[in-house]
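Mind having a look at this structure? Questions to follow.
The values are calculated or read from the model by the stated rules, or taken from the named source; none is laboratory data. Predicted model, so just to flag it, every value in this text is computed and none were measured. Note: ideal-geometry Cβ built from the backbone for every residue, glycine included; neighbour counts use all protein chains shown.
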Amino acid sequence: MDKPAISADRLLLFGATGDLARRMLLPSLCALDADGLLPENLRIVGTARSDIDDTEFRNMAREALETFLPAERRGGMATFLNRLFYQALDATTLDGFAELADKVGPSTNEDGDGGLAIFLSTAPSLFGPTIAGLQHAGLTGDHVRIGLEKPLGTDLQSSCAINDAVADAFTEDRIFRIDHYLGKETVQNLLALRFGNILFEPIWNSNYIEHVQITVGETVGLESRVGYYDDSGAMRDMVQNHMLQLLALVAMEPPTSFDATAVRDEKVKALRALRRVNPDETVTGQYRKGAVDGEAVPGYDDELGKDSDTETFVAIKAHVDNWRWKGVPFYLRTGKRLPERVTEIVVRFRSVPHSIFEGMGAGMQPNQLLIGIQPEENITLSLMAKVPGLGTDGVKLRQVPLEITMPDAFVGQHRRIAYERLLLDLIQGDQTLFVRRDEVEAQWHWIDAIRAVWEEAGITPKTYSAGTWGPSAAIALTERDGVSWHD
Ligand code: BG6
């Protein structure tokens, strides 16, 4: 078991006036505070380039909370705002870091041994200078831990460079790489489903599972992230991190305990077992104008204002080369401007080895487990059942759902923002839901190889109309194996 960490009594947020802070971080912290989950004496210091003072920062935070946090979760807003302080900083020079350290102040715990949690949500180009500044100001000691928001590089090499720079000042047990999908309740529930029940694990392998599908569909387009997205594309923006983490949780072997080392050891083994993908096992696409939710939307090139080869859709047939998953395809797809916002995992089981209902028109279907992550949080197991009746021409079967709707099963629980879990764990020093260096590097290793295949084979995105499930080649990718995407 990993040893328990010291809880932080100070939280330092870089990028504190940015979009992520306003939409997610401040609302998550306020909601945690309202539920009495933050350490009582936690002091939160925001920093960014903007030249504002504590009061202006608190005003900005209030506005963000009023916009992004539901009214019923804003109960403790006034107390929360009093925890906030601000220090302007140009992170590209060392000059302001001493003042920042003063603002952060010493531990306020009675015995002075509280930790400091730092959260970097800035452009990756600022990571290096920021770390240098923190070192300069003595803000990297043993009781300091650091959370890093994506993107952590654009390929293996740049990711290693970032990891090296951070490792210069922080040991791995103090580095918290964020993948916000791991903060989502149903994603964690995947572990509960697999390892908290006797039912699934014995059949969770190639003897019983025919294939797995992971879909992360989005209806949004470029939003306001033109520069970032066009340099990134769906593969690096979604597959490299969120989708591979989902795949790792489905494919991993049972860890010995729910602790950071045990869980991450198993995830990294699954990620390292990913087979190199062939050119005919990937499809990329870019949306053209169309309609989403009944509204006309422009094409990617129109939104961008120029031609581009960046993919806004990816479908991949992946394989995990180990005993458990021999011959089981993992079909992954993600895209912008798809017809629905949906994240789901479908596990399709094999057909029964011998049907006693053969010839009766019984309508046999293989069992299927659907894990809905968003917008609905639900788990549905499709089973065969007899259609009631006294028909004389044999037994008729039909697929029926055994369904657990999470909000109904756990009435009274809030639907939490993924960052609530992650910020709380960062403050408390629990790394289980953060991505370890070897995982990120295994992810990049696989992604880089696919991108190299695209390059070698001259694969460029095929077009698809906004509001459809990607280029037709994505449908062909599964249909030629006799599989249909779950739409
Ligand atoms: C982010 C990506 O990591 O995840 C975005 O950069 C994407 O492009 C977002 O929209 C999706 O997150 P969620 O939680 O809305 O599924």
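Among the residues of the range 233-284, what is the count of those that are within 16 Å of the ligand (Cβ to nearest atom) and over 23 Å from Lys336 (Cβ atoms)?
So the answer is 1.
How many of the residues making up the range 117-160 are of a type outside the set (Gly, Ala, Ser), within 16 Å of the ligand (Cβ to nearest atom) and not in a loop (DSSP other than H, G, I, E, B)? If you could, list the steps in order and put the result at the bottom.
The initial filter retains those residues of the range 117-160 that are of a type outside the set (Gly, Ala, Ser), namely 118-120, 122, 124, 126-127, 129-131, 134-136, 139-140, 142-146, 148-152, 154-157, 160.
Subsequent filtering for residues that are within 16 Å of the ligand (Cβ to nearest atom) retains 119-120, 122, 124, 148-152, 154.
Adding the requirement that they be not in a loop (DSSP other than H, G, I, E, B) leaves 119-120, 124, 148.
The qualifying residues number 4.
Considering only the range 170-199, how many residues are touching a strand residue (DSSP E or B) at 6+ places or on another chain (Cβ under 8 Å), outside any helix (DSSP H, G or I) and either farther than 29 Å from Leu126 by Cβ or not basic (Lys, Arg) (or both)?
Qualifying residue count for the region: 5.
If I filter the range 422-430 for residues that are more than 30 Å from Asp142 (Cβ to Cβ), under 21 Å from the mean Cα position of the chain (by Cα) and assigned to a loop (DSSP other than H, G, I, E, B), do I get at least one hit?
Here is the first cut: in the range 422-430, the residues more than 30 Å from Asp142 (Cβ to Cβ) are none.
So far as the range 422-430 goes, no, none of its residues is more than 30 Å from Asp142 (Cβ to Cβ), under 21 Å from the mean Cα position of the chain (by Cα) and assigned to a loop (DSSP other than H, G, I, E, B).
Could you check how many residues of the range 206-231 are farther than 21 Å from Ser465 by Cα and at pLDDT 95 or above?
Looking only at the range 206-231, we keep the residues that are farther than 21 Å from Ser465 by Cα, and these are 206-214, 227-228, 231.
If we keep only those that are at pLDDT 95 or above too, we end up with 206-214.
Total meeting the criteria: 9.
Answer with yes or no whether Leu148 is closer than 30 Å to Met235 by Cα and in contact with a strand residue (DSSP E or B) (Cβ under 8 Å, 6 or more places away or on another chain).
Values: closer than 30 Å to Met235 by Cα: yes; in contact with a strand residue (DSSP E or B) (Cβ under 8 Å, 6 or more places away or on another chain): yes.
Answer is yes for this residue.
Can I ask one more? List the residue pairs whose Cβ atoms are under 6 Å apart, where the first residue sits in the range 258-274 and is among the basic types (Lys, Arg), the second is modelled with pLDDT of 95 or more, and the two are 6 or more positions apart or on different chains.
Every condition considered, the pairs that remain are Arg264/Arg436; Lys267/Ala248; Lys267/Met252; Lys267/Glu439; Arg272/Ala442.
Here's a check for you: in the range 210-232, which residue that is charged (D, E, K, R) and within 11 Å of the ligand (Cβ to nearest atom) is surrounded by the most Cβ atoms within 10 Å (Cβ to Cβ)?
Of the range 210-232, the ones charged (D, E, K, R) are 210, 218, 223, 225, 230-231.
Keeping just the survivors that are within 11 Å of the ligand (Cβ to nearest atom) gives 218, 223, 225.
Values: Glu218: 19, Glu223: 12, Arg225: 13.
Selected residue: Glu218.
Name the strands (runs of 3 or more DSSP E) wholly within the range 1-116 that hold at least 1 residues that are out of contact with any Asp or Glu (no Cβ under 9 Å at 6 or more places or on another chain)?
Working: elements: 8-14, 43-48, 84-88.
Those strands (runs of 3 or more DSSP E) span 8-14, 43-48.
Where in the range 289-383 are the strands (runs of 3 or more DSSP E), entirely inside, with at least 3 residues that are in contact (Cβ under 8 Å) with a residue 60 or more places away in the chain? Before you say what the answer is, go through the steps one by one.
Values: elements: 290-292, 295-297, 313-318, 330-335, 342-349, 368-374.
Fully inside the range 289-383 and qualifying: 290-292, 313-318, 330-335, 342-349, 368-374.
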